[in-house]
1. Output the number of residues of segment 1-53 satisfying the condition of being under 30 Å from residue 93 (Cβ atoms) and either at pLDDT below 75 or in a helix (DSSP H, G or I) (or both).
2. I'd like the residue in segment 121-164 that is free of Cβ contacts under 8 Å to residues at least 60 places away in the same chain and not in a helix (DSSP H, G or I) and, out of all such residues, is farthest from the chain's Cα centre (by Cα).
3. Mind checking which residues of segment 229-251 are part of a helix (DSSP H, G or I) and either buried (at least 20 other Cβ atoms within 10 Å of the Cβ) or touching a residue at least 60 places away in the same chain (Cβ under 8 Å) (or both)?
4. Quick one: is residue 214 touching a residue at least 60 places away in the same chain (Cβ under 8 Å), over 20 Å from residue 157 (Cβ atoms) and touching a helix residue (DSSP H, G or I) at 6+ places or on another chain (Cβ under 6 Å)?
5. Return yes or no: is residue 284 in a helix (DSSP H, G or I) and farther than 26 Å from residue 142 by Cβ?
6. Quick one: is residue 113 at pLDDT below 85 and at negative phi?
């Protein structure tokens, strides 16, 4: 009996046949509406905390109405352990979480763009020095820095922003560095060099402009990851402090009373999951829109 030895070779699947993570699919108008609604809710949450005459919406306590169930009279989503309305607590918490996410994203973009372009475009010495800074920054986890900042500044919203921004910009800089390494070999950059255009001008006029699509996509993902980071830090008591609401703080407070009532945990955790899922799907959508190769394959 003859035996035939076969060798299994790796098979490259076409892009459409590769498994893809769960994501939301909407028409272009659907993404615009969804983003507008999310932004409106976030701005409303920030407004009710900055306008003094509106703060009572999420601060008013009534122990006689604690733990009211959803659809109760005057409280669409019920109340928490202090009788505060869950609708306004969640809207205020969403505003704080989105505000932290946008702030961390902006800081990460500025630092990441500056050091990423410096690392990849301004010589080997600048590249080595920038990589050392990035590696040292990347070595510190966000929780450890949050503990340090909380010890110096106290647990607060500023502590969360600093801890997440200091650790988050390094990964952005690494991605930008890779993009700049690709862009600097393009014909238009070589032509600008031949014409004697200064490196700073090339970096600002040509590189930064071509980095705008990837910056927009990464900023959406950074907002999503920052919201998760804020929720984690606030959950363990190192972030936003009561009475300022955030999704992580609301979830932490509701966990203590989960044996008495379940809806605050479900509402805060569900809203956090929905927002993060939507932002990740929005980032995937924007990536596909800005990448002509992926767009052509679909």
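1. Looking only at that region, the number is 28.
2. Per the criteria, the residue is 154.
3. 229, 230, 231, 232, 233, 234, 247, 248, 249, 250, 251, listed by residue number.
4. Judged against the criteria, residue 214 is a match.
5. no
6. Here the answer is yes, as residue 113 does meet what is asked.
The values are calculated or read from the model by the stated rules, or taken from the named source; none is laboratory data. Values in this document were obtained by computation on a predicted structure and should not be read as measured data. Every residue, glycine as well, gets a Cβ built from its backbone with ideal geometry; the counts of neighbours run over all protein chains shown.
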